[in-house]
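Everything on this sheet refers to the single structure shown next.
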Amino acid sequence: MDTIWVVVADQARARLFSASGSRGPLEEVEDLANPEGRLHDQDLNADSPGRAFDTMGEGRHAMGKHHSPKEQEAIRFAHEVGERLAAGLHDGAYRHLIISATPRFLGLLRETLPEAVAKRVVLELHKDLTALGRDEIRAHLPERLPRAPRSPEG
């Protein structure tokens, strides 16, 4: 049987579940916590942007950041989740992957997942299911969990 992993995540928590078959129940594998994901920007980084001088002229301006501290923390956590999923794939713990996450965090996961892991994704849900029990999470998924389509050669 092909093992399917189900990931439910947001910027503060990622729960990994395993199903041994397409109709099987979910068993929790791991619960990754990111307490910083619940903090506000001012709690993550109290420093204001630095100041810089223009190279030409006498102007002075604030140096902005591309991402807020909260966004930087969410990106860091998305990388951590991706690394854990890559390790699971390397260890042969799963063959197919389902991801359910808040829309914003799902976008970060898409950007940060290693290519080998991204190829295993068979279903994405734009839902935050992190606070639900495993049976409630299973109820949000199709009765028969999807599998990656097999190539004509394989």
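Here's a check for you: in region 10-44, which residue that is in a loop (DSSP other than H, G, I, E, B) and under 20 Å from Arg95 (Cα atoms) is modelled with the highest pLDDT? Selected residue: Leu26.
Within the set of pairs 6+ apart or on separate chains, which have a first residue in region 1-30 that is closer than 14 Å to Pro146 by Cα, a second that is exposed (fewer than 13 other Cβ atoms within 10 Å of the Cβ) and of a type in the set (A, V, I, L, M), and C-beta atoms under 6 Å apart? Note: pairs meeting the criteria are Ser20/Met1; Gly21/Met1. Filter region 95-119 down to the residues that are out of contact with any helix residue (DSSP H, G or I) (no Cβ under 8 Å at 6 or more places or on another chain) and within 23 Å of Thr3 (Cβ to Cβ), then identify the one that is surrounded by the fewest Cβ atoms within 10 Å (Cβ to Cβ). Taking the candidates together, the pick is Glu115. Can you work out which of the residues in region 50-95 that are at pLDDT below 55 and under 28 Å from the mean Cα position of the chain (by Cα) is nearest to Arg15 (Cα to Cα)? It comes out as Lys65. Val122 meets the stated requirement of being over 13 Å from Asn34 (Cβ atoms) and either of a type outside the set (Ser, Thr, Tyr) or buried (at least 16 other Cβ atoms within 10 Å of the Cβ) (or both). In region 87-127, how many residues are of a type in the set (A, V, I, L, M), part of a loop (DSSP other than H, G, I, E, B) and closer than 17 Å to Arg76 by Cβ? Here the count works out to 1.
The values are calculated or read from the model by the stated rules, or taken from the named source; none is laboratory data. Bear in mind that the values here come from a model prediction, so they are computed numbers and not experimental data. Don't worry about glycine lacking a Cβ; one is built from the backbone with ideal geometry, like all the others, and counts go over all protein chains shown.
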